[in-house]
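To keep things clear, I will list the structure first and then write my remarks on it.
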Amino acid sequence: QQQVKQSPQSLIVQKGGISIINCAYENTAFDYFPWYQQFPGKGPALLIAIRPDVSEKKEGRFTISFNKSAKQFSLHIMDSQPGDSATYFCAAHRGGTASKLTFGTGTRLQVTL
Amino acid sequence: KAGVTQTPRYLIKTRGQQVTLSCSPISGHRSVSWYQQTPGQGLQFLFEYFSETQRNKGNFPGRFSGRQFSNSRSEMNVSTLELGDSALYLCASSLGSGGANEQFFGPGTRLTVL
């Protein structure tokens, strides 16, 4: 119940295209869903996050779509650029005394020219 | 403002040895969390320390331990190393306790166990 399933494992998108990464979860106690971006040799960095009372959040070219009934959320990168090439992790947070982030397994995105 | 720093950046050990990794959080951050990152497994939560107290622990054996000092710096220790402990170990700091606070990650320590 603590798992977050992420797909696809890797993704190749042409410059200007839309990148879509999907995540699914089981635990309805999750209350915060961040996405992290990681470049080679660096630690992950928070990209955008959403709470389950909102169905969509947009920050620049990055949008999270959240479907509470389906227990799914996705990251959309519009007008994908070569500089977006990185590994993306979704995560889910469960609060309370066992507060922690559970991460997906990551998606390696390559944006080609 | 300086980011999260981790030392050493690379480490090679042999099976059976022990290792200590260090993490200095962003100034003012009192929470430090540790994660193990391996290909195909993503980031696995090890533990979180806040104000020198362990707040939460992941599903790792007792060989993995940590501590936090009064200046919020944290160390992680792995005893009796196994080949499967080879991984990138990341620490993340945040202002408050719990994963819902934005976590700022360091660059990690790459541990190779031979």
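Laid out as a table, the results:
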read-out: Which numbered condition B:Glu82 fails, given (1) under 11 Å from the mean Cα position of the chain (by Cα); (2) farther than 21 Å from A:Leu46 by Cα; value: (1)
read-out: Boolean, B:Phe47 is hydrophobic (A, V, I, L, M, F, W, C), open to solvent by 20 Å² or more (accessible area, probe 1.4 Å) and either on the phi > 0 side of the Ramachandran plot or within 10 Å of chain A (Cβ to nearest Cβ) (or both); value: no
read-out: Answer residue from the range B:1-19, given it is out of contact with any Phe, Trp or Tyr (no Cβ under 7 Å at 6 or more places or on another chain) and surrounded by 15 or more Cβ atoms within 10 Å (Cβ to Cβ) and is farthest from B:Phe69 (Cα to Cα) among those; value: B:Lys13
read-out: Residues of the range B:36-52 satisfying the condition of being part of a strand (DSSP E or B) and in contact (Cβ under 8 Å) with a residue 12 or more places away in the chain; value: B:Gln36, B:Gln37, B:Thr38, B:Leu43, B:Gln44, B:Phe45, B:Leu46, B:Phe47, B:Glu48, B:Tyr49, B:Phe50
read-out: Cross-chain or 6+ apart pairs with Cβ under 9 Å, the range A:43-72 first and among the hydroxyl-bearing types (Ser, Thr, Tyr), then part of a loop (DSSP other than H, G, I, E, B); value: A:Ser55/A:Lys68; A:Thr63/A:Met78; A:Ser65/A:Ser55
read-out: Residue in the range B:89-109 that is surrounded by the fewest Cβ atoms within 10 Å (Cβ to Cβ), counting only those that are more than 7 Å from chain A (Cβ to nearest Cβ) and within 11 Å of the chain's Cα centre (by Cα); value: B:Thr109
read-out: Strands (runs of 3 or more DSSP E) contained entirely in the range A:13-113, each with at least 1 residues that are polar (S, T, N, Q); value: A:19-25, A:30-38, A:62-67, A:72-77, A:86-94, A:100-103, A:107-112
read-out: So B:Asn71, is it in contact (Cβ under 8 Å) with a residue 24 or more places away in the chain and among the polar types (S, T, N, Q); value: no
read-out: Matching residues in the range B:74-88 - criterion: being farther than 13 Å from B:Arg110 by Cα and either among the β-branched types (Val, Ile, Thr) or open to solvent by less than 30 Å² (accessible area, probe 1.4 Å) (or both); value: B:Ser74, B:Met76, B:Val78, B:Thr80, B:Leu81
read-out: Hey, A:Gln37 open to solvent by 80 Å² or more (accessible area, probe 1.4 Å), under 20 Å from B:Pro39 (Cα atoms) and within 12 Å of chain B (Cβ to nearest Cβ) or not; value: no
read-out: Criterion: open to solvent by 40 Å² or more (accessible area, probe 1.4 Å), touching a His at 6+ places or on another chain (Cβ under 7 Å), within 19 Å of B:Gly99 (Cβ to Cβ) and among the charged types (D, E, K, R) - qualifying residue of A:Asp53, A:Asp31; value: A:Asp31
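Residues checked against (1) farther than 27 Å from B:Gly96 by Cα; (2) aliphatic (A, V, I, L, M):
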site: B:Gln6; (1), (2): no, no
site: B:Tyr10; (1), (2): yes, no
site: B:Thr14; (1), (2): yes, no
site: B:Val19; (1), (2): yes, yes
site: B:Ser24; (1), (2): no, no
site: B:Ser33; (1), (2): no, no
site: B:Gly40; (1), (2): yes, no
site: B:Phe47; (1), (2): no, no
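Matching residues to (1) out of contact with any Ser or Thr (no Cβ under 9 Å at 6 or more places or on another chain); (2) within 13 Å of chain B (Cβ to nearest Cβ); (3) modelled with pLDDT under 95:
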| position | (1), (2), (3) |
| --- | --- |
| A:Ile20 | no, no, no |
| A:Asp31 | yes, yes, yes |
| A:Gly41 | yes, yes, yes |
| A:Lys57 | no, no, no |
| A:Ile64 | no, no, no |
| A:Ser80 | no, no, no |
| A:Thr87 | no, yes, no |
| A:Thr102 | yes, yes, yes |
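The values are calculated or read from the model by the stated rules, or taken from the named source; none is laboratory data. Not measured: the values here are computed from a predicted model. Cβ atoms come from the backbone with ideal geometry, glycine included; neighbour counts cover every protein chain shown. Side chains are part of the model used for accessible areas, which takes the heavy atoms of the whole protein and leaves out ligands, DNA and RNA. Shrake-Rupley method; radii C 1.70, N 1.55, O 1.52, S 1.80 Å.
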